[in-house]
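The values are calculated or read from the model by the stated rules, or taken from the named source; none is laboratory data. Not measured: the values here are computed from a predicted model. For neighbour counting, all protein chains shown are included, and Cβ atoms are generated from backbone atoms with ideal geometry for every residue, glycine included.
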Ligand code: C5P
Ligand code: ZN
């Protein structure tokens, strides 16, 4: 496939054109609906456009979804209101949006690979169309932020949300966990305005806010077997190291520790991870750039951008997107308390799934070109992506082939999440295209990024679908001479 040449000018123009339409519609009092994805990036993107439009006093409603399907499009076409803005999704469904929503002004702010070019009736902003890699350089929230900033310079204060979206989509898989490309420019907006600061440190959730054993237990990327989700074990681990965990009666946080104490914790963790088969790269990912929202209270999970993104993700995955978006748009108090409750329940559920996965024989099946994780009847469809991401990005299972995770979904369907682990050569295997093509064969729908993609299709086709994906990965490997 020929690469699209990079053109900043064209990308800029498409942002300006789209934001102009949004402003016109808002100012003429049209009802505007935002539809966004349920993950952290999607909620951050919806919060950004939502806030930008609220500042224009637009007539606005916001809704989230797992993915665009026929039922959603039907509902939208029957609703009043003439403008629909899709954020962090849409580029995989352009044809359906064009044909089934002919009377609506449709705008798409996305960073997933576009499936069918850009139909003329739809205004699409997508970095891939201008040669930029939407899976690494900019998130859905980043695209939404650039549009919001073009709508009004004041919206530069929404830059931290775009950083949160990028971290939620794991776009920090670079040396020292830095952000690159557009994400780096957006981060500069966030630091120039004094809203964020960056430091190099141990990357534990709640580095400034939580007791150290809790911060370690909350860290799930990488997912550390025996420690992630297990506060008591973490406490034991740290006490055995001889770390003094309290100052008088108060628990210390990571930021209270001396460099020597941090080194001690890191080197012991490195030994522990290596004994569990984790690679050096994964261990090193525990040290790197920490992104802090300096105006947030020190004791809440919004202070650390990765933790903020976990909170948003938890809200989306636990069916509480509204709470996440309210937080993104500035609500605190009672809403924040509810969000923290959701986060606790989410982490508990995640830990139960991971225990199930590690302790149940034959859940993971190895095929010629794939590993298949079958969570049917166990894993909630909203949590499948997180499980697939964790499994593919840590050394627990030492995957040398792409991973296809699946579970039962509503209405007799299966939900599929595909991930290509960073340990294996990727960049030439495109899981987004493979899952799109394979699910289409069975009346399903799929797509996404090269290393992270998803699909939904009728449950009765499961075995045949797995066979086809296995075959397509094999054919791709052969074609690319990998
Ligand atoms: O659902 P899951 O998180 O596994 O999907 C991985 C990525 O693929 C996500 O970014 C999701 O938005 C995208 N995706 C897509 N089209 C689909 C399903 C998933 O673009 N039909
Ligand atoms: Zn995204």
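Which one is farthest from residue 169 (Cα to Cα) among residues in the stretch 447-467 that are without any contact (Cβ under 8 Å) to a residue 60 or more places away in the chain and in contact with a helix residue (DSSP H, G or I) (Cβ under 7 Å, 6 or more places away or on another chain)?
Among them, the one singled out is 465.
Would a scan of the stretch 21-40 turn up a residue that is within 16 Å of ligand 2 (Cβ to nearest atom), in a helix (DSSP H, G or I) and touching a residue at least 60 places away in the same chain (Cβ under 8 Å)? Talk me through it step by step, then tell me what you get.
Initially, the stretch 21-40 is screened for residues within 16 Å of ligand 2 (Cβ to nearest atom), giving 34-40.
From what's left, in a helix (DSSP H, G or I): 40.
Remaining after also requiring touching a residue at least 60 places away in the same chain (Cβ under 8 Å): 40.
Within the stretch 21-40, one or more residues are within 16 Å of ligand 2 (Cβ to nearest atom), in a helix (DSSP H, G or I) and touching a residue at least 60 places away in the same chain (Cβ under 8 Å).
Scan the stretch 357-373 for residues that are surrounded by 16 or more Cβ atoms within 10 Å (Cβ to Cβ) and outside any loop (DSSP other than H, G, I, E, B) and report the count.
The total comes to 5.
For the condition modelled with pLDDT of 95 or more and either over 23 Å from the mean Cα position of the chain (by Cα) or part of a loop (DSSP other than H, G, I, E, B) (or both), what is the one hit in 322, 206, 236, 316? Walk me through how you get there before you give the answer.
Values: 322 fails: either over 23 Å from the mean Cα position of the chain (by Cα) or part of a loop (DSSP other than H, G, I, E, B) (or both); 206 fails: modelled with pLDDT of 95 or more; 316 fails: either over 23 Å from the mean Cα position of the chain (by Cα) or part of a loop (DSSP other than H, G, I, E, B) (or both).
That would be 236, the only listed residue that is modelled with pLDDT of 95 or more and either over 23 Å from the mean Cα position of the chain (by Cα) or part of a loop (DSSP other than H, G, I, E, B) (or both).
I'm trying to understand the selection: among the residues of the stretch 133-171, which are touching a helix residue (DSSP H, G or I) at 6+ places or on another chain (Cβ under 8 Å) and surrounded by fewer than 24 Cβ atoms within 10 Å (Cβ to Cβ)?
133, 137, 149, 150, 151, 152, 154, 155, 156, 170, listed by residue number.
For the stretch 60-71, indicate whether the set of residues that are over 25 Å from residue 385 (Cα atoms) and away from ligand 2 (no atom under 16 Å from the Cβ) is non-empty. Break it down into steps so the answer makes sense when it comes.
Let us first name the residues in the stretch 60-71 that are over 25 Å from residue 385 (Cα atoms), namely 60-61.
When the remaining residues are screened for being away from ligand 2 (no atom under 16 Å from the Cβ), the result is 60-61.
So far as the stretch 60-71 goes, yes, one or more of its residues are over 25 Å from residue 385 (Cα atoms) and away from ligand 2 (no atom under 16 Å from the Cβ).
Name the single residue that is surrounded by the most Cβ atoms within 10 Å (Cβ to Cβ) among those in the stretch 434-454 being away from ligand 1 (no atom under 11 Å from the Cβ) and closer than 24 Å to residue 400 by Cβ.
Taking the stretch 434-454 first, the residues away from ligand 1 (no atom under 11 Å from the Cβ) are 434, 437-438, 441-443.
Checking which are closer than 24 Å to residue 400 by Cβ leaves us with 434, 437-438.
Working: 434: 26, 437: 15, 438: 28.
Checked the stretch 434-454; the qualifying residue surrounded by the most Cβ atoms within 10 Å (Cβ to Cβ) is 438.
Given the criteria touching a helix residue (DSSP H, G or I) at 6+ places or on another chain (Cβ under 9 Å) and touching a residue at least 40 places away in the same chain (Cβ under 8 Å), does residue 232 qualify?
On the way: touching a helix residue (DSSP H, G or I) at 6+ places or on another chain (Cβ under 9 Å): yes; touching a residue at least 40 places away in the same chain (Cβ under 8 Å): no.
Here the answer is no, as residue 232 does not meet what is asked.
What are the residues in the stretch 468-482 that are surrounded by 13 or more Cβ atoms within 10 Å (Cβ to Cβ) and out of contact with any helix residue (DSSP H, G or I) (no Cβ under 8 Å at 6 or more places or on another chain), if any? Working first, answer last.
Let us first name the residues in the stretch 468-482 that are surrounded by 13 or more Cβ atoms within 10 Å (Cβ to Cβ), namely 468-474, 476-477.
Result: 470, 471, 474, 477.
Out of the stretch 19-30, which residues are more than 11 Å from residue 148 (Cβ to Cβ) and touching a strand residue (DSSP E or B) at 6+ places or on another chain (Cβ under 9 Å)? Full working, then the answer.
From the stretch 19-30, those more than 11 Å from residue 148 (Cβ to Cβ) are 20-21, 24-30; that's our starting set.
Passing the criteria: 21, 25, 26, 29, 30.
Looking at the stretch 266-281, which of its residues are in a helix (DSSP H, G or I) and buried (at least 16 other Cβ atoms within 10 Å of the Cβ)? Show your work before the answer.
We begin by selecting, within the stretch 266-281, every residue in a helix (DSSP H, G or I); these are 266-275, 280-281.
Result: 269, 270, 272, 273.
Taking the stretch 431-454, which residues are in a strand (DSSP E or B) and away from ligand 2 (no atom under 16 Å from the Cβ)? Quick ask: steps written out before the conclusion?
If we filter the stretch 431-454 for residues that are in a strand (DSSP E or B), which is where we start, we get 445-448, 452-454.
Matches in the stretch 431-454: 445 only.
Hand me the list of strands (runs of 3 or more DSSP E) wholly inside the stretch 55-119 holding 1 or more residues that are under 24 Å from the mean Cα position of the chain (by Cα), within 11 Å of ligand 1 (Cβ to nearest atom) and free of Cβ contacts under 8 Å to residues at least 40 places away in the same chain. Spell out how you get there, then give the answer.
Details: elements: 59-65, 83-87, 105-109.
Output list reads 59-65.
Of 184, 153, 188, 173, which residue is closer than 30 Å to residue 52 by Cβ and modelled with pLDDT under 90? Before the answer, list the steps.
Numbers: 184 fails: modelled with pLDDT under 90; 153 fails: modelled with pLDDT under 90; 188 fails: modelled with pLDDT under 90.
Testing whether each residue is closer than 30 Å to residue 52 by Cβ and modelled with pLDDT under 90 leaves just 173.
So residue 354 ticks every box in (1) in contact with a helix residue (DSSP H, G or I) (Cβ under 9 Å, 6 or more places away or on another chain); (2) assigned to a loop (DSSP other than H, G, I, E, B) but one. Which box is left unticked?
(2)
Out of (1) surrounded by fewer than 17 Cβ atoms within 10 Å (Cβ to Cβ); (2) closer than 18 Å to residue 218 by Cα; (3) touching a residue at least 24 places away in the same chain (Cβ under 8 Å), the odd one out for residue 346 is which?
That leaves (1) as the condition not met.
Could you run through the stretch 287-311 and say how many residues are surrounded by 14 or more Cβ atoms within 10 Å (Cβ to Cβ) and modelled with pLDDT under 90? Show your work before the answer.
We begin by selecting, within the stretch 287-311, every residue surrounded by 14 or more Cβ atoms within 10 Å (Cβ to Cβ); these are 287-293, 296, 300-311.
From what's left, modelled with pLDDT under 90: 300-301.
Of the residues in that region, 2 qualify.
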